[in-house]
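See below for the structure under consideration.
The values are calculated or read from the model by the stated rules, or taken from the named source; none is laboratory data. Every value quoted in this text rests on a predicted model; they were computed, and no experiment measured them. We place every Cβ from the backbone using ideal geometry, glycine too, and count neighbours over all the protein chains shown. Surface accessibility is based on the protein's heavy atoms, side chains included, excluding ligands, DNA and RNA. Shrake-Rupley method; radii C 1.70, N 1.55, O 1.52, S 1.80 Å.
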Amino acid sequence: MTSKYAPQDIEQKWQDKWAADHLYEVTEDDERTKYYALTMFPYPSGELHIGHWYAMAPSDVRARFKRMQGFNVLHPMGFDAFGLPAENAAIKHQIHPYKWTMANIERMRGQLRSMGTIYDWTRELVSCQPEYYRWTQWFFLKLYKAGLAYRGKAPVNWCPQCQTVLANEQVIGEGECERCGAMVTKRELEQWFFRITKYCDELLDFSKIDWPERIKTIQTNWIGRSEGAEVSFGLDHPGVEQKEIRVFTTRPDTIGGVTFFLLSPEHPLVAKLTTPDRKAEVNEYVEWCRRQADYERTAVGREKTGVFLGSYVINRFTNEKVPIWTTDYVLSTYGTGAVMGVPAHDERDFEFATKFNLPIRTVIAPPDWDGQPLPEAYIGDGTLVNSGELDGLPAADGVKAACAKVEREGWGKATVAYRIRDWLISRQRYWGAPIPMVYCEKCGIVPVPEEDLPVLLPPDAEFKPTGESPLKYHDAFVNTTCPACGGPAKRETDTMDTFMCSNWYFLRFASPSVGDAPFDMDKLNYWMPVDLYTGGAEHAVLHLLYSRFFVKALRDVGVVGFDEPFRRLFNQGIISMGGGKMSKSKGNVVAPDVYVSKLGADTVRAYLMFVGPWNLGGEWSDTGIIGISRWFNRTWSLCEGEYVPRAVDDAVERQVQHVMHKTIKAATADMEDFRFNTMLARLMEFTNLLGPVLDAGTVSADVWSEAVRILLVLLAPTAPHMTEELWQRRGYEYSIHDQPWPSFDEDLAQEDEITVAVQVNGKLRDKLVVAADTSEEEVRALALASERVKSYCDGKTIRKVIYVPGRVVSIVVS
């Protein structure tokens with residue numbers, strides 16, 4: 001009698017056996033070609049939900065597939081344990097972040113094991129453990145000694161709810177904190193930065209990586225490379241030694257149209273250039289601007305604001321005095337924090353000039369311009385006017401001529417500017433890797449010696465946020481000895497951005513237990529770069545950009561010998577519930593444990609792969625997962641049932657072998673291209689064919705046995721527990737997961753007949769069933785001879801007949 005599929009009876013059994021047999025542990029001493037498949041490691045801020053499974057289960061399926069293809073596959077897992085998510089949760093629950101984090105990791109580790117993954121757990125890493133963040137600090141020191149880490153005063157993004165500084169990349173949407181959603185404001189603080197701007201052009205070079213165009217576009221736009229000119233405006237103001245202010249402009253051809261000059265409210269010259277009679281109004285305005293988020297200040301459609309400082313610069317091109325204003329839509333973080341106002345040819349400047357009744361001078365004449373004032377900013381091509389020696393030049397030539405003039409006169413130079421700013425890594429929070437620097441009154445800023453690492457987080461520090469680092473009030477941590485002179489010194493009390501930890505975790509997986517170095521170089525060179533990296537697209541200008549910079553920086557300081565961390569990137573979509581992204585705050589999170597205990601991990605894995613294309617995501621449905629469960633039950637019965645050949649039919653045998661080889665071919669291509677949903681659909685079609693064969697006994701025992709064997713092997717990456725159990729029950733040698741991925745016979749996979757749709761003016765009018773080797777001319781002739789098609793073409797002129805081989809004939813008539 002055929003047994004029933006009971007995942008509860010088999011899944012834990014096989015997980016235990018795989019672990020006991022060290023089935024998925026990998027070494028570098030292997031003749032197979034290496035394949036490093038990595039999924040972004042999770043924050044341990046709570047239990048895994050279906051959204052986590054959607055990132056991890058399909059990536060595990062792909063890793064299993066590559067393993068069966070004969071690769072030496074490293075597919076590790078760890079926990080991104082520092083940072084605001086864990087700390088905020090700990091504060092909410094009144095528990096120490098370490099205790100909270102490690103308890104979550106224990107729960108999540110069990111959930112990840114229940115998924116049936118091939119993670120090599122001997123390589124697990126946890127970024128909040130001293131043996132890990134010792135090397136995070138070591139990397140900081142390497143960058144500091146190379147001049148790539150520095151301390152500077154700057155206006156920074158401040159989250160009033162999280163009570164900490166945020167990098168520009170962590171301000172999202174309409175100026176909200178990416179963690180808590182609070183509106184971000186500005187503060188001016190001494191902070192630590194990494195010189196990511198030194199690598200702008202390298203980061204714009206994607207020639208060595210296979211990444212989605214979307215991510216490359218996002219990074220390109222974030223870096224924001226602009227070609228233009230740096231131009232000097234003369235300055236002569238009492239009490240100010242500086243004799244010029246430089247601006248960056250992409251339109252030096254419009255410099256003759258400058259009628260006002262703008263400084264950001266944070267610009268250090270604002271206070272110096274404000275005349276006494278303007279000081280009160282300017283100070284009030286600057287304070288108001290500091291309370292505004294960058295997004296608000298630069299939002300499209302926002303009413304322009306500003307205050308005249310009472311002073312002027314000299315436009316060297318025209319020798320005119322130009323009034324200096326301060327306005328919120330000029331940011332200190334872009335260019336020089338100074339902008340030349342050309343209202344006739346910039347929409348924001350036009351709005352500003354119109355509001356404050358400033359002159360608007362046309363210097364790029366539109367075609368057929370009548371010399372009258374422009375009703376709006378003109379930003380198209382044209383001819384230069386009112387521009388002295390540049391008059392009459394096309395705008396494009398005017399750019400070159402203006403650049404040549406500023407260089408010739410010593411007023412500036414052609415140059416390139418970037419939107420991206422240096423990466424601010426300081427955080428005024430407890431739960432992060434301490435920055436390994438000390439401050440000595442005699443020696444200044446001094447790095448902690450490498451042999452003294454790690455600088456440990458004190459476990460008894462008050463970790464609730466106050467706006468200053470909690471470590472600042474822990475005397476035993478703060479007070480130390482200067483490594484240079486031996487005198488009293490104080491430690492840096494800010495901690496590092498959590499993205500510093502994820503900058504390099506993929507390197508540590510190569511040799512996580514090495515103690516005297518961040519990694520074993522031989523093992524690192526064996527595994528790196530990562531062959532496939534999977535995770536969310538939301539990290540495009542955070543982790544994905546930072547890690548590329550970090551590897552390039554480590555290369556330059558001699559730590560690694562490669563340029564890019566991830567050879568190929570794949571971004572999965574989002575699994576939704578009730579039409580929206582799963583979120584604890586929305587109350588629409590699906591807990592996988594309930595479904596695993598009832599239907600089995602294999603069923604959950606398969607449903608997540610079947611719900612839609614992995615890169616697009618899909619909607620969770622209880623009805624849908626029940627459908628997968630029923631299919632698995634039918635598959636179990638199919639493979640467990642006793643087969644008796646009763647009426648062997650040669651035609652049926654040929655059909656089974658044809659569909660089997662066609663399924664292998666299609667499933668292989670689907671697996672390579674992450675089309676998991678169509679791969680499973682093909683396996684369902686195969687099982688639909690085999691069901692009646694089992695009932696009727698229409699193929700030989702050998703053909704049946706081979707068909708079931710192939711079905712199990714093709715299904716093994718998706719349903720590892722069920723297929724392992726059925727493999728054993730059918731008497732095959734353990735383990736199915738050590739079996740090679742099956743190959744196909746191209747001749748047997750070839751279709752004998754194909755169905756070709758026939759469209760007339762885009763509408764389906766007929767379908768043709770023809771031999772697979774029918775020529776294009778024959779297919780066209782058959783389509784035009786179809787009586788149904790003729791009825792739509794009679795009396796009309798056939799303009800085009802387009803044949804897409806094997807798919808459709810498209811006829812255009814008029």
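Numbers for the structure displayed
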quantity: Mean accessible surface per residue for the stretch 709-814, computed with a 1.4 Å probe while every protein chain stays in place, in Å²; calculated: 54
quantity: Spatial separation of Cα centroids for the stretch 260-292 and the stretch 20-42, in angstrom; calculated: 59
quantity: Dipole of the chain [Lys/Arg +1, Asp/Glu -1 at C-beta], most positive-end residue of THR797, TYR734, THR333; calculated: THR333
quantity: Accessible surface, the stretch 257-304, averaged per residue in Å² (probe 1.4 Å); calculated: 49
quantity: Within the chain: Cβ-based charge dipole about Cα centre, in debye rounded to nearest 20 (Lys, Arg +1; Asp, Glu -1); calculated: 1500
quantity: Gain upon complete extension [GLU287, ARG729; 0.36 nm per residue less C-alpha separation]; calculated: 151.6 nm
quantity: Rounded to the nearest 10 Å², the accessible area of GLU351 at probe 1.4 Å; calculated: 80
quantity: Rounded to 5, percent antiparallel among DSSP beta bridges of the stretch 249-363; calculated: 75
quantity: Value of Rg to Rh for the stretch 432-545 (Rh from inverse mean 1/r over Cα pairs, i.e. Kirkwood); calculated: 1.06
quantity: Alpha-carbon Debye profile of the stretch 302-436, log10 I(q)/I(0) at 0.16, 0.19 Å⁻¹; calculated: -1.01, -1.34
quantity: Solvent accessible area, Å² - HIS22, 1.4 Å probe, full protein context; calculated: 100
quantity: FRET E, pair ALA20, VAL770, Förster distance 60 Å, beta-carbon r, rounded to 0.05; calculated: 0.60
quantity: Folded to 0 to 90 degrees: helix 395-409 orientation relative to the chain principal axis, Cα; calculated: 50
quantity: Gyration tensor over alpha-carbon atoms, the stretch 69-141, equivalent ellipsoid semi-axes in Å; calculated: 26, 19, 8
quantity: Dipole moment magnitude, nearest 20 debye, the stretch 472-550 about Cα centre, only Lys, Arg, Asp, Glu C-beta charged; calculated: 160
quantity: Rounded tilt (10° steps) of 279-290 against the dominant C-alpha axis of the chain; calculated: 10
quantity: Which of ASP236, ASP294, ASP210, ASP649 is most accessible, then next, and so on - probe 1.4 Å; calculated: ASP236, ASP210, ASP649, ASP294
quantity: On Cα atoms only, tilt of 622-640 relative to the major axis of the chain in degrees; calculated: 40
quantity: Over the chain: helical MRE at 222 nm, DSSP H runs n ≥ 4 each giving -39500 (n - 2.57), nearest 500; calculated: -11000 deg cm²/dmol
quantity: For the stretch 1-141: span of alpha carbons on each principal axis (Å, largest first); calculated: 56, 41, 25
quantity: Accessible area, probe 1.4 Å, largest first, for residues THR466, THR305, THR101; calculated: THR466, THR305, THR101
quantity: Inter-part distance where the stretch 653-693 and the stretch 498-522 are each reduced to a Cα centre, Å; calculated: 41
quantity: Accessible area (Å², 1.4 Å probe, nearest 10) - LEU125; calculated: 10
quantity: Accessible-area ranking of PHE570, PHE499, PHE610, largest first, probe 1.4 Å; calculated: PHE610, PHE570, PHE499
quantity: Dipole-positive endmost among LEU235, HIS75, TRP100 within the chain (Cβ charges, Cα centre); calculated: LEU235
quantity: Considering only the chain, percent of DSSP beta bridges that pair antiparallel, nearest 5; calculated: 75
quantity: Whole-angstrom gap from the stretch 211-246 to the stretch 302-374, using each part's C-alpha centre; calculated: 17
quantity: Segment GLU31-ASP460, extension gain: residue separation times 0.36 nm, minus the distance between their alpha carbons; calculated: 149.5 nm
quantity: Principal axis dimensions, the stretch 446-506 - Cα atoms, whole angstrom, descending; calculated: 36, 31, 18
quantity: Dipole magnitude of the stretch 354-439 about its Cα centre (Cβ charges: Lys, Arg +1; Asp, Glu -1), debye to nearest 20; calculated: 820
quantity: The chain, accessible surface, carbon-and-sulfur percent (1.4 angstrom probe); calculated: 50
